[in-house]
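**Q** Take this structure first; my questions come after.
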Ligand SMILES: Cc1cc2nc3c(=O)[nH]c(=O)nc-3n(C[C@H](O)[C@H](O)[C@H](O)COP(=O)(O)OP(=O)(O)OC[C@H]3O[C@@H](n4cnc5c(N)ncnc54)[C@H](O)[C@@H]3O)c2cc1C
C-alpha cells in the first residue's frame, strides 16, 4: 500500500464528481490520505464536457435556498457539517431568485485546483475497471459510471443493478435573446431583482408551439431505452413527453405563467418559458425544465418558435443520457456501506439519491464515515428525522416495491399522525432542526 507523508493510503475514492469530491474533502480535512481515481478526460461520460472535478452537467442551480424547503433544509445541515460543496457554491453564487445557482466553471475549477494540488491526495487519472482489493473504497462514479466498471459492479453486487434514462435542457447565449419581446422578472416579483428572463406566449402562439413540439422528430430509442424511460422521474421528463399528456400540461408545468406580468401588455401571458442565468458573466441562460429528446435540428427549429428566441444561439442542445443506480434498499446500510462487505461504500447518484446537493450530501456522509472507520470509531447513522438521515433511511429501507433515486423532499419523512399540509411541513422542519442539533452536538 502506498504512503503519503508517511501515512498509508487506506481509502480509495472512485469518481471526482459531486459526491467523490466532497468525500475526499471530508477525509483530507481530517488528515487522512486518499487515493482519488477519475477517468475524465481520458475516458468521457458523454455528458461531461470538461476535465474538471465536480462538473455540473446540466442545470447550474443546486436547488432552493429557502429554509422552509426540503432542499434548503438539506443545505442548512450540509453547511453545519462543513460541506465543501456548499462552501464553494456560495462563493460562486449567481443571481437566481430563491434558488442557489452557481457559475459552473468557477465552481469546478476551484474544487479541482484544491483537491488535485492537495498533499494528501494521490490523484490517478485512469478509468477504474474494478474495485480495489484492499482498504476502504468509496464508489462515487455517478449516473454515467463507465460500462466497464458497471460490469464489474454487476459481478460484485449480483444482478441488482438498475438503469434508466433521463434528459437535459438546452443552453443559449444571452446576446441572442430578443429582449424586445422577452422580459426580466421573478414569479410574484420574489426578489424584486428580476433574475429570470421570461418568454411570453399568447394562446395562439402556445397552441402552435405545442403542435410543432408534438410533431417534431425525436431521437430513436431502442426497446431497452423505451422500457427504461418508463422509470422517468416526473420532475425530469422531456418537454415533448409532458406535452403528450395533454394540451395544457406544459402550461401547468414548466411553462406556467403564474406570478408573471408581461410589461408590454400589463397582463399575465397565456404561457411562458423561463430562462435562468447560467454563469457569473450572465452570458449564458438555460431553458428551465426544457429537457428534451428531440433531434438537434428539430430543437433549434421548434424552440426558435418561442417568442424572444427567434434568433437564439444554442450553446448546448438537450440530450438523453443514461442514469445508473444500484438497488440500495437491498444492498446498502444507512452508513452507505455494503451490507455484505462493509469495506465498500457507495455515494452520489449511483447510491440512489437524485440531484447535485443530494449527491454531495451522500459524499459527505461516506467521507465522514470512512474517516471514523480509519480512526477506529463506529460509522454513524444519521437520525432519520433529519434531512440527510431521512434520505439515507429512504435509500436503505428494504421495503420498497419499485425503488428509484430520490431527491430531498418532505414526502419521505414520517410526521405525527393526522398532520397535513403546512402544519405537517412545519412540524417536520422543527423536528429535523432539533434532531440535527442534538446529533451535531454529539459529534
Ligand atoms: C446529463 C445529466 C444531467 C443532470 N442534470 C441534473 C440537474 O440539472 N440538476 C441536478 O440536481 N442533478 C442533475 N443530474 C443528476 C445528478 O445530480 C448529477 O449527475 C450529479 O453530478 C451526480 O453526482 P455524482 O457525484 O453521483 O456523479 P458525477 O458528478 O457524475 O461524478 C461521477 C464521476 O465519476 C467519474 N467516473 C465514472 N466512471 C468512472 C470510472 N470507471 N473510473 C473513474 N472515474 C469514473 C465520472 O467521470 C465523474 O467525474 C443530472 C445527471 C445527468 C447524467
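Throughout, read-outs are computed from the coordinates displayed, never taken from laboratory work. Computed from a prediction, not measured in an experiment: that's the story for all the values here. Note: ideal-geometry Cβ built from the backbone for every residue, glycine included; neighbour counts use all protein chains shown.
**Q** Give me log10 I(q)/I(0) at q = 0.06, 0.10 Å⁻¹ for the chain, Debye formula, one equal scatterer per alpha-carbon, no solvent.
**A** Reported log10 I(q)/I(0), two decimals: -0.26, -0.73.
**Q** What share of Cα pairs, in percent, lie more than 25 angstrom apart in the stretch 168-321?
**A** 26 percent
**Q** By per-residue mean of other Cβ atoms within 10 Å, what is the highest-first order of 210-219, 51-60?
**A** 51-60, 210-219
**Q** If I take every Cα pair under 8 Å that is 6 or more residues apart in the chain, average their sequence separation and divide by the length, what percent do I get for the relative contact order?
**A** Over the chain, the number comes to 21 percent.
**Q** Right, here's the next one. State the extension gain, in nm to one decimal, for the chain segment bounded by residue 175 and residue 30, taking 0.36 nm per residue of separation less the distance between their alpha-carbons.
**A** 47.6 nm
**Q** If you take every DSSP beta bridge fully contained in the chain, what fraction is antiparallel? Give it as a percent rounded to 5.
**A** Given both bridge residues lie in the chain, the antiparallel proportion sits at roughly 70 percent.
**Q** Mind pulling the angle between the C-alpha long axis of helix 147-157 and the longest principal axis of the chain? Nearest 10 degrees, somewhere in 0 to 90.
**A** It is inclined by approximately 50 degrees.
**Q** Here's a follow-up. Roughly how tilted is helix 70-80, in degrees to the nearest 10 and between 0 and 90, from the longest Cα axis of the chain?
**A** Computed tilt is about 40 degrees.
**Q** Now for a different question. Ranked highest first by average number of other Cβ atoms within 10 Å, how do 121-132, 140-151 line up?
**A** Averaged packing, sorted descending, gives the order 140-151, 121-132.
**Q** Once a ≥ b ≥ c are taken as the square roots of the eigenvalues of the Cα gyration tensor of the stretch 1-67, is the result rounded (a/c under 1.5), prolate (a/b larger than b/c) or oblate (a/b not larger than b/c)?
**A** Here the stretch 1-67 falls in the oblate category.
**Q** Could you work out how much longer the chain between residue 50 and residue 265 gets when fully extended? Use 0.36 nm per residue separation minus the Cα distance between them, nm to one decimal.
**A** 73.1 nm
**Q** A follow-up question, please. To the nearest 500 deg cm²/dmol, what mean residue ellipticity at 222 nm is calculated for the chain from DSSP H runs of n ≥ 4 alone, each contributing -39,500 (n - 2.57), summed and divided by the residues?
**A** Rounded to the nearest 500, the figure is -10000 deg cm²/dmol.
**Q** Still on this structure, please answer the following. Which of the three applies to the stretch 379-443, rounded, prolate or oblate, going by the alpha-carbon gyration tensor with a ≥ b ≥ c and a/c under 1.5 meaning rounded?
**A** Judged from the Cα gyration tensor, the stretch 379-443 comes out oblate (a/c at least 1.5, b/c at or above a/b).
**Q** Additional query: Between residue 377 and residue 295, what FRET efficiency comes out of the Förster formula 1/(1 + (r/R0)^6) with R0 = 60 Å and r the beta carbon distance, rounded to 0.05?
**A** Approximately 0.65, to the nearest 0.05.
**Q** Once you keep just the Cα pairs under 8 angstrom separated by 6 or more residues, what percentage relative contact order results for the stretch 168-321?
**A** For the stretch 168-321, the relative contact order is 42 percent.
**Q** So, one more: Once both axes come from the Cα atoms, what is the angle between helix 421-442 and the longest principal axis of the chain, in degrees from 0 to 90, rounded to 10?
**A** With both axes taken from Cα atoms, the answer is about 30 degrees.
**Q** Once you have a ≥ b ≥ c as the square roots of the Cα gyration tensor eigenvalues for the stretch 105-150, tell me rounded if a/c is under 1.5, and otherwise prolate or oblate according to whether a/b is larger than b/c.
**A** The shape class here is oblate.
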